[in-house]
Amino acid sequence: MLSVKEFGVEVYVPDSSVVIDGTLRRLIIDGKIEGKLIILREMIDQFEGMARSGKTLGVLGLEELRLIKTACKTRGVGLEIASVGRRFDSVDALVRWYALDVGGTLITSSRTQLLAAESAGINVLFIPPSRTRISLLEKYFDRWTMSVHLKEGAPPTAKKGRPGHWRLEILGEETMTREEVEAIADEIIEAARTTPDAMIEVDRPGSTIIQLGDYRIVITRPPMSDGWEITAVRPLVKPRLEDYRLPDKLLRRLEERAEGILIAGAPGMGKTTFAQALAEYYMRKAKIVKTIESPRDMRLPPEVTQYSKVYADPDELHDILLLSRPDYTVFDEMRTDRDFRLYVDLRLAGIGMIGVVHATSPIDAVQRFIGRVDLGVIPSIVDTVVFIEEGEVRKVYEVTMTVKLPTGLREAELARPVIEVKNFLTGNLEFEIYTFGEQTIVVPVKGVGISGLEQRLRRILSNVVPTADIRIEGSQVNIIVPREDLRSIKKVRRKLRKIENEYGITINLRLV
């Protein structure tokens, strides 16, 4: 028995925290409450309003109140519905002051409510929130499971393996009913409400996104989807940057020079995992690191502050990051114009930025900025592009600006500012980006115009050096000539310099 007054019946007034998480119902069933329980009508109205707007917590709250009524009848606890008749910004504040007016005991799982009530001299029964296990969902996971997919009318399935190398496995022959999926969803939401390391990131009429420990969970329901569906994703490993076995040259660049980094790749290839490893690497290098996420699903040490786009607009994030001046900010899942503008503003302000974008090729990541910023600004905001495929670093680009005649053009007066996108590890030029008229052109350099150029070079040299070996790699042309076959080196060099100026290439003449 928790509390019974010596004279009269003890009055209990619960707030929403102990209703939604099932704590109040368990107290009644376990016989730990006797006397009278008063539920405020304003709380019921709040749950109803949430339910009508499609928010799962409203439905869960109303369902709990129905079960609480049944439990009170079973255990002989008096139940009364009362109304305060006053307005407060918070229903829980209304509950607190009502408990003071009637001399009742406030029941809460909120530490903030506890402190406020105690400072007002209100008798409080505080039930600390406990870690609620999501056993109905966790039974579908094993050590190799990347994600679980539950849908009413379909059997449960799971992706097992690792990024880029997984298989879809059917976990049962029986199709799931709506009631089964809803029960799992209710368990997840209750756990999100009561677990310290959980957060309901988004709660819309048709969908709820939750970060619960290592699980990122998406719940969708009609009418947004054609049935109840739950997708739960869990990272299998938490690699360090050293586990990627990056070349020393790339590690030096990431540590010393790269400050405008894009991490690109297709969905599910391990972009966020690599970004997480890079953020932790910078933290271990005594850098101040923060993140912008939606939802917050990176598993990072407490030293790294993680901000949510859901609970702050770009202007607020901009002000916070400019005032706190981190060395690096990881911007996960950049999608909208506002995301890219925030990335650009922070980078131009001198903050090191690491952006994560969906792209099927590394050059696609660079092209995401075209049209959003002036072309000449791109090398100032993006200097390194890391492309992730199947959980590994497959390609790294370096982005620079120069003034030259674009590859393939012949007239010297067509020289202009050109963004060069080079393979960082080999130094080979792979793409050129420049304006031509009113259009922005992205040109793959490797293999463009090579056959015509090679024919012209062979035609020029055939009169003097028939045995020349011509090798073309992007804008680099290597000509290997036996020494005894050259009659006049100066004459050949003059002709080669003329072609260099005409085509904007570099010709290396080597005598063997």
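Some values worked out for this structure:
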quantity: Between region 180-252 and region 265-281, the alpha-carbon center distance in angstrom; calculated: 16 Å
quantity: Where N is the number of residues in region 135-233, Cα Rg divided by 2.2 N^0.38 Å; calculated: 1.04
quantity: Computed over region 241-444: relative contact order in percent, which uses C-alpha pairs under 8 Å that are six or more apart; calculated: 21 percent
quantity: For region 57-176: rounded, prolate or oblate by the Cα gyration tensor [a/c cutoff 1.5]; calculated: prolate
quantity: Quarter of the Cα convex hull surface for region 11-126, i.e. its orientation-mean projected area (nm²); calculated: 6.6 nm²
quantity: The chain - charge dipole about Cα centre, Lys and Arg +1 at Cβ, Asp and Glu -1, debye rounded to 20; calculated: 2500 debye
quantity: Cα centroid of region 408-445 to Cα centroid of region 56-106, whole Å; calculated: 68 Å
quantity: Magnitude of the charge dipole, region 135-233, Cβ model with Lys/Arg +1 and Asp/Glu -1, debye to 20; calculated: 500 debye
quantity: Pairwise Cα inverse-distance average, inverted: Kirkwood Rh of region 241-444 (Å); calculated: 17.5 Å
quantity: Cα-based shape type of the chain, given that a ≥ b ≥ c are square roots of the gyration tensor eigenvalues and the cut on a/c is 1.5; calculated: prolate
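Every number in this text was worked out from the coordinates using simple rules, so none of it is lab data. These figures come from a predicted structure and were not determined experimentally. Positions of Cβ are backbone-derived with ideal geometry, glycine not excepted, and every protein chain shown enters the neighbour counts.
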